[in-house]
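Working notes, beginning with the structure itself.
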Amino acid sequence: MLEPVKKLVILFCFHCIIISTILAQKKNDIKNMPVRVVVAGTSHGHVAWILGNIHRKDVNVIGIYEPNLQLIKQIIQQYHLDSSLFYTHLGLALDKLKPEAVLAYGSIHDHLKVVQACAPRGIHVMLEKPLATNYKDAVAMQKLAQQFHILLLTNYETSWYPSTEKTFELLQDSNYVGHIRKVVFHDGHQGPKEIGVPKVFFKWLTDPVENGGGAIIDFGCYGANLITRIMHGAQPISIQAVTRQFKPDIYPKVDDDATIIINYPTTQAIIMASWNWPFSRKDMEVYGDTGYIISVNAEKMRFRKNEQEEKEKIITANDIQVFTNPYAYLYAVLRKNITIAPYGLYSLENNLMVVKILDKARESAKLGRTVLY
């Protein structure tokens, strides 16, 4: 009597092993599959990063939403794309294609609409910086992301820099500069017109509603994002900002230069965001009571500690672990290869603070005085 039972038990166990192996294989297959994405909007100049390589190993573009028919025609010709990829209605594209994530490359004002379309469908979203044009929209987006359990990430070019990651490492692991006293950010270029951005991009980039402002938004967000990470999400005490229109004939509706001072209890951050630099720049200087770290660009860095001579180094992705593009980061997060660090550069909690800082900066510039955070 025991022999048939024993055989059944062995057979059952054998089937369990087979099923477990199949499930494990399927899980592994999914883990190695590229993330299927829809691009929402193509008017942002940074869209070239993905349209120039829509069949990456980590991210695969399965559809593109763009309501502007003339722009669709231009994009097809420029990137040699199939017209079947394009949709003029975002909801239709999402329902038909069922992507895992959406990459938003329209105006900053349109970010809320993208999240409103994606969140109820359970689709993750990665936006180009900043998160929103104003804090009210940012909070509405946060609520949608939390309600429908989606990831809402914001991409900044400086997040990919080996020098950025090396700075964080030195500040956190070795406390290279001692207590941080002052952090200075220089971000910007000669101006959107001066560098020749496409007309469709220029139109909303210089609009106070579609972009939320001029240089104060376009480049002020970089420093706000980085200082929030450096300060581990600590809240500022106050913010003071001055905006200028050095070229009102070119940028009549928005500022083209902004200086933002963010005050913390024992630290100060100064953000110099401008469309008036003589060249493109994104650099960061961190000063403490025992040394300094200067990130000249993505890879070049300068260091000095106490009375020692200044040292200069080139830091590459071979020297420190960093995702050198946003799509590799998105893949790693969605495939659970990494977790989002608290107040990490892409994180929602960081970027909510960024938008609030920018809101307060605009308020300060308008009132002509320091405002409380």
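In the chain, Cα pairs under 8 Å separated by at least six residues give a relative contact order of 18 percent. Judged by the ratio a/c of the largest to the smallest principal axis of the C-alpha gyration tensor, the range 113-176 counts as prolate, that ratio being 1.5 or greater while a/b is larger than b/c. Within the assembled protein chains, the solvent-accessible surface assigned to His55 is about 130 Å², based on a 1.4 Å probe. For the range 347-362, the Karplus equation 6.51 cos²θ - 1.76 cosθ + 1.60, evaluated at θ = phi - 60°, returns couplings of 5, 5, 5, 5, 6, 5, 5, 4, 5, 5, 4, 5, 4, 5, 5, 5 Hz by residue, with Gly and Pro reported as x.
Heavy-atom accessible area for Thr259, with the other protein chains in place and a 1.4 Å probe, reaches approximately 50 Å².
Annotation: the antiparallel percentage among DSSP beta bridges lying fully within the range 135-277 is about 65. Taking all protein chains as shown and a probe of 1.4 angstrom, Trp49 keeps an accessible surface of around 80 Å².
Legend: residues Arg281, Arg121, sorted from most to least accessible area (1.4 Å probe; ligands, DNA and RNA excluded), read Arg121, Arg281.
For the range 270-306, backbone nitrogen atoms closer than 19 Å to the point 7 Å from Glu363 Cα along Cα-to-C-beta are found at 271. Looking at the calculated P(r) for the range 137-284, what percent of the C-alpha pair distances fall above 21 Å? Every Cα pair in the range 137-284 considered, those over 21 Å come to 52 percent. The simple spin-label model puts a point 7 Å past each Cα toward its Cβ; for Leu372 and Ser280 those points are separated by 4.2 nm. Of all the options Asn350, Asn297, Asn32, the one that moves most in a Gaussian network model of the chain with Cα springs shorter than 10 angstrom is Asn32. For the range 35-151, the fraction of alpha-carbon pairs lying more than 19 Å apart is 42 percent, rounded to a whole number. Given R0 = 22 Å, the distance between the Cβ atoms of Lys73 and Lys113 translates into a calculated FRET efficiency of 0.45. Calculated accessible area for the chain comes out at 49 Å² per residue, all protein chains present (probe 1.4 Å; ligands, DNA, RNA ignored). The Rg/Rh ratio of the chain, with Rg taken over Cα atoms and Rh as the Kirkwood radius over Cα pairs, comes to 1.06. Here the range 189-268 is treated as a Stokes sphere of Kirkwood radius computed over C-alpha pairs; at 10 °C and 1.306 mPa s its diffusion coefficient rounds to 115 µm²/s.
Each 10 Å bin, from zero up to the one with the longest distance, holds this percent of the alpha carbon pairs of the range 218-343: 10, 30, 35, 22, 4.
What share of the DSSP beta bridges in the chain is antiparallel, in percent to the nearest 5?
Of all bridge pairs located within the chain, approximately 60 percent are antiparallel.
Summarising the label geometry, the points placed 7 Å from Cα in the beta-carbon direction at Ala341 and Gln172 lie 0.3 nm from one another.
Surface composition of the chain: carbon and sulfur atoms hold 56% of the protein heavy-atom accessible area at a 1.4 Å probe. Taking Arg181, Arg56, Arg36 and ordering them by how much accessible surface each has at a 1.4 Å probe, largest first, produces Arg181, Arg36, Arg56.
The overall shape of the range 277-373, judged from the alpha-carbon gyration tensor, is oblate: a/c is not under 1.5, and a/b is no greater than b/c. On C-alpha positions alone, give me the angle between the axis of helix 135-147 and the longest principal axis of the chain, in degrees, nearest 10. So the inclination is approximately 10 degrees.
Residues whose amide H lies under 5 Å from that of Tyr87, counting only those 5 or more places away or on a different chain, are Ile64, Tyr65, Glu66; hydrogens are built 1.01 Å from N in the peptide plane.
With all protein chains in place and ligands, DNA and RNA left out, the 1.4 Å accessible area ranks Lys311, Lys305 as Lys311, Lys305, largest first. Gyration tensor over the Cα atoms of the range 180-220: the corresponding equivalent ellipsoid has semi-axes (square roots of 5 times the eigenvalues, largest first) of 24, 13, 5 Å.
The values are calculated or read from the model by the stated rules, or taken from the named source; none is laboratory data. Nothing here was measured: the structure is a model prediction, and the numbers come from that model. As a convention, Cβ positions derive from the backbone with ideal geometry for all residues, glycine included, and neighbour counts pool all protein chains shown. Keep in mind that these areas ignore ligands, DNA and RNA; they rest on the heavy atoms of the full protein, side chains included. Shrake-Rupley method; radii C 1.70, N 1.55, O 1.52, S 1.80 Å.
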